[in-house]
Amino acid sequence: MMPRLATALLLATSLAALPGAAGANDSTAELGIGGLTLTITANIEMLSEDLYISPDEVRVAYRFKNRTDKDIDTIVAFPIPEIPGGEEFYYYPLPVEDADNFIGFTVTVDGKPVTPKVEQRATANTLDRTELLASLGIPIFPTKAKDALDRLPDDRKREFEKLGLAYPEEDYETKTTRLVPAWTLRTTFWWEQTFPAGREVTVSHTYRPVVGGSVGLRFDPKNSPAEYAEYVKKYCMDKAFLDAVQKMDAAAKKRDSLASEHRLAYVLTTGGHWAGNIGSFRLVVDKGRPDALVSFCGDGVKKISPTQFEMKKTDFVPENDLEILLVKTGE
């Protein structure tokens, strides 16, 4: 289990010299990407999961075993949480300039690389509109779609507004009104997988996380008590962590700078979709810099390096997703 205990991890005491900071209202959104899911789960168990999370990379290594005396052919999927369209889409700092694979997802099975297929769907008002976009030659990836929307006839533009697929907005550069893509993007990587009878299969994948952030700190008990309380609960921030953040931010402001927050999320509960509990689970959170501060909810966490913290569990049932808060200066 991963109870939300006050196990905030305090790291770092030295503060480096920083450049001047911009305004404190800019904020980007994190995306809670998780592990693999399976279409058939009753007879395949997860023997182990080794999870490494840092601001730059997520690595996951699994060992699976087919409990039966027959081979099981199924589909293994890696779903990306839905990303809303409109201006909200631009709040997500997607790490890779690739409309199909914007997180740099890679996968190996028993040490051999596998090329997953990619399915992307567009929905608006809960209805799937992927085929409509494709029939009109409009890219599903929202940031690639504006020019194609410009070319639509007026009656189609009005139809898109009615369907919730787009809305008009003034383009301040051209002083013209353009349609903004408003559909929700859903991306799933998947491949066909054989789990041989009675045998173990190792599956590893890596990707670059979508890290949320703010210039300055969003949690302040004076300015926003409700958001402050939410942060304390969500990231299990204890007094030692909060005191260190205050000290870091005060020192940064003396240099005309700010302490900034960075948020990582991982959908850990997908590990419960397989048969039985996770036999052996290991989590390593790497804050990236020795002078950073990090807080997350965990149980039995210990420091294993200047930047890394480890949690191990046996017969593990992931009941909560993982939320990680980093605070650092100079970025």
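The values are calculated or read from the model by the stated rules, or taken from the named source; none is laboratory data. Just so we're clear, the structure is a prediction, and the values are computed from it rather than from any experiment. Methodologically, a virtual Cβ is constructed for each residue, glycine included, from the backbone with ideal geometry; neighbour enumeration extends over all protein chains shown.
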What number of residues in the stretch 185-235 are among the charged types (D, E, K, R) and under 25 Å from residue 89 (Cβ atoms)? 6
Give the residue that is nearest to residue 52 (Cα to Cα), with candidates limited to residues of the stretch 247-280 that are more than 25 Å from the chain's Cα centre (by Cα) and not charged (D, E, K, R). 276
Restricting to strands (runs of 3 or more DSSP E) lying wholly in the stretch 234-331: which have 3 or more residues that are of a type outside the set (A, V, I, L, M, F, W, C)? 259-267, 278-286, 308-316, 322-329
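Taking residue 185, is it part of a strand (DSSP E or B) and touching a residue at least 40 places away in the same chain (Cβ under 8 Å)? Give the derivation first.
Details: part of a strand (DSSP E or B): yes; touching a residue at least 40 places away in the same chain (Cβ under 8 Å): yes.
The answer is yes for residue 185.
Only residues that are free of Cβ contacts under 8 Å to residues at least 12 places away in the same chain and not polar (S, T, N, Q): list them for the stretch 204-231, please.
220, 221, 222, 225, 226, 227, 228, 229, 230 - these are the residues of the stretch 204-231 that are free of Cβ contacts under 8 Å to residues at least 12 places away in the same chain and not polar (S, T, N, Q).
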Subset of the stretch 188-202, residues at pLDDT below 95 and part of a strand (DSSP E or B), comes to 188, 189, 190, 191, 192, 193, 194, 195
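Condition (residue is under 24 Å from residue 104 (Cβ atoms), touching a residue at least 40 places away in the same chain (Cβ under 8 Å) and small (Gly, Ala, Ser)) applied to the stretch 247-264: is it met by at least one residue? Steps first, answer last, please.
First pass over the stretch 247-264, keeping only residues under 24 Å from residue 104 (Cβ atoms): 260-264.
Okay, now just the ones that are also touching a residue at least 40 places away in the same chain (Cβ under 8 Å), so 260-264.
Next cut, small (Gly, Ala, Ser) only: 260.
Taking every residue of the stretch 247-264 in turn, at least one turns out to be under 24 Å from residue 104 (Cβ atoms), touching a residue at least 40 places away in the same chain (Cβ under 8 Å) and small (Gly, Ala, Ser).
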Name every residue in the stretch 149-184 that is closer than 19 Å to residue 91 by Cα and over 33 Å from the mean Cα position of the chain (by Cα), in order of residue number. none
